[in-house]
1. Examine region 283-290 for a residue that is within 16 Å of the ligand (Cβ to nearest atom) and either within 27 Å of the chain's Cα centre (by Cα) or at pLDDT below 90 (or both), and state whether such a residue exists.
2. Restricting the search to region 225-268, which residues are under 20 Å from residue 198 (Cα atoms) and either in a strand (DSSP E or B) or within 11 Å of the ligand (Cβ to nearest atom) (or both)?
3. Of all the residues that make up region 1-45, how many are in a loop (DSSP other than H, G, I, E, B), more than 15 Å from the chain's Cα centre (by Cα) and more than 19 Å from residue 402 (Cα to Cα)?
4. Of the conditions (1) assigned to a loop (DSSP other than H, G, I, E, B); (2) among the hydrophobic types (A, V, I, L, M, F, W, C); (3) without any contact (Cβ under 8 Å) to a residue 12 or more places away in the chain, residue 275 clears all except one; give me its number.
5. Pairs please, first residue from region 155-178 and within 12 Å of the ligand (Cβ to nearest atom), second anywhere and of a type in the set (Phe, Trp, Tyr), Cβ atoms under 6 Å, 6+ apart in sequence or on different chains.
6. Going by the structure shown, is residue 57 in a loop (DSSP other than H, G, I, E, B), under 15 Å from the mean Cα position of the chain (by Cα), in the same structural domain as residue 359 (by TED's automatic domain parsing) and under 30 Å from residue 16 (Cβ atoms)?
7. What pairs can you find where one residue is in region 135-152 and in the same structural domain as residue 44 (by TED's automatic domain parsing) and without any contact (Cβ under 8 Å) to a residue 60 or more places away in the chain, the other is within 14 Å of the ligand (Cβ to nearest atom) and assigned to a strand (DSSP E or B), and their Cβ atoms are less than 6 Å apart, with a gap of 6+ or different chains?
8. Can you tell me which of (1) within 7 Å of the ligand (Cβ to nearest atom); (2) farther than 19 Å from residue 224 by Cβ; (3) in contact with a strand residue (DSSP E or B) (Cβ under 7 Å, 6 or more places away or on another chain) is the one residue 65 doesn't meet?
Amino acid sequence: MRTISEPAREIPVIAEVDVLVAGGGPAGFAAAVAAARLGASVMLVERYGCLGGMATGGMVLYMDGLSDGTKRVIGGLCWESMERLGDDGGLAERGPLRYDVDSELYKVTLDQMCLEAGVRVRLHSWVANALVEDGRVRGVVIESKSGREAVLAHTIIDATGDGDVAAFAGADYELGHMRIGLNMKVGGVDRDRYQAFAQAEPERARALRGALRDRGGFPIGMGPTPYSEEGVYWVNVIGLSERSGLGPPEGADYDEHWGGRLSAIDAEDLTHAELELRRRLAESLAYYRENVPGYEGVRLLGFASQIGVRESRRILGHTVLTGEDVLGGRTFDDGIGRGGLAGPGVSYDIPYRALVPLGVDGLLVAGRCISADHRALGHIRVIPPMMVTGQAAGTAAFMAVELGVRPAAVDPVVLRKQLATDGVIL
Ligand SMILES: Cc1cc2nc3c(=O)[nH]c(=O)nc-3n(C[C@H](O)[C@H](O)[C@H](O)COP(=O)(O)OP(=O)(O)OC[C@H]3O[C@@H](n4cnc5c(N)ncnc54)[C@H](O)[C@@H]3O)c2cc1C
């Protein structure tokens, strides 16, 4: 491919902080608030116009992994943010320990919690490079309408989901390719009428879904929202595995259901997925309106502003969390919190060393880019456990700053003690 040279230029350093958090999704939000509440100066840089990542801009409403089916296993900042949202009427309980958030009100809650903690929030700014000296990340370059700017920090937390900072800094990673989706909200659904139809004619309901899938459409499910009584539902779209691919058939195995080939770090693949999913979802809505009882009045209320990436870079850390660890409910001596599985009584530890990248200093990773294998990520990537990783990374970053040490040198025993004090369930 033809290349050109970009001339070197001086760029302004707009901030020098203790902790810089890249990415303001569930993990980045928790990391920033945790570090700031403990007393660190914190800047949080987010490429889009809101905090919350997939939980807000991505229109993921269901807070999965919060419990082991019998009790809540996640507390800390995740649970606190949900309680605050609930106080503002933005939380719906779909069953015991199962909650859906109002993605728009949640944006406000997350803003408030960051600002109250003293986090300096910078929206509309892409982290475009890492500044590395002698194997240590010293800061990042950001790109925005203000131009190219630098932020320097003692410790950087990569919560971009895609591990962008770690990759810029030269960390090793594996690249995964789960299906890319695009969520939406719909209104005007008559749930009772649909359920009566599906109960009376299950074969016809299945055949209608099958016919839709065969022409490239996606089932328009009825995920609850806080406004479901008014016919408003959330559609969690499984999405595309490859450019011309179909959604998974009913009863598909794990790999067929989730597997894919599109790369979430390739702008061409992302563009294709966004355009293709929007077209196919609009067609699926029209199909439902014409064919499925209960959906005669269905209307599109909105597509997610952020495309649904489930997996991309998994950064190689001092520990790699495996599918066996997660499904076996393994505990670690450096466990920084737990996540729950759907099976009753099953929960697993997330080890601190999975947040510490190998070979790059001054950096922690949080969120879905932590060090885990493909199978582990399939379970841990849901929002509440991702917030657990963020709170731990923010707390560890504060400790690294306070003691003047590398993140790898933070004592997990002291870290766990602080996390327990701050409401994390260990
Ligand atoms: C279609 C779909 C459905 C899902 N359904 C569920 C569900 O039902 N329940 C559940 O709990 N979970 C669900 N998940 C999983 C969950 O939403 C994500 O795994 C989780 O949000 C990951 O959190 P995160 O903070 O690591 O990343 P994200 O939520 O992706 O947040 C990353 C943030 O970083 C920002 N960012 C990225 N790169 C840069 C950069 N270079 N510079 C600045 N900012 C940057 C992004 O804009 C974003 O705000 C779903 C995911 C998808 C894709």
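1. Looking for residues that are within 16 Å of the ligand (Cβ to nearest atom) and either within 27 Å of the chain's Cα centre (by Cα) or at pLDDT below 90 (or both), one finds at least one in region 283-290, hence yes.
2. Across region 225-268, the qualifying residues are 233, 234, 235, 236.
3. Total meeting the criteria: 12.
4. The single condition residue 275 does not satisfy is (1).
5. Close Cβ pairs satisfying both conditions: 163/173; 178/258.
6. The answer is yes for residue 57.
7. Taking only residues 6 or more apart or on different chains, the pairs are 143/126; 143/128; 144/125.
8. The single condition residue 65 does not satisfy is (2).
The values are calculated or read from the model by the stated rules, or taken from the named source; none is laboratory data. The model shown is predicted, which means the values in this text are computed figures rather than measured ones. Heads up, the Cβs are rebuilt from the backbone with ideal geometry, glycines too, and the neighbour counts pull from every protein chain shown.
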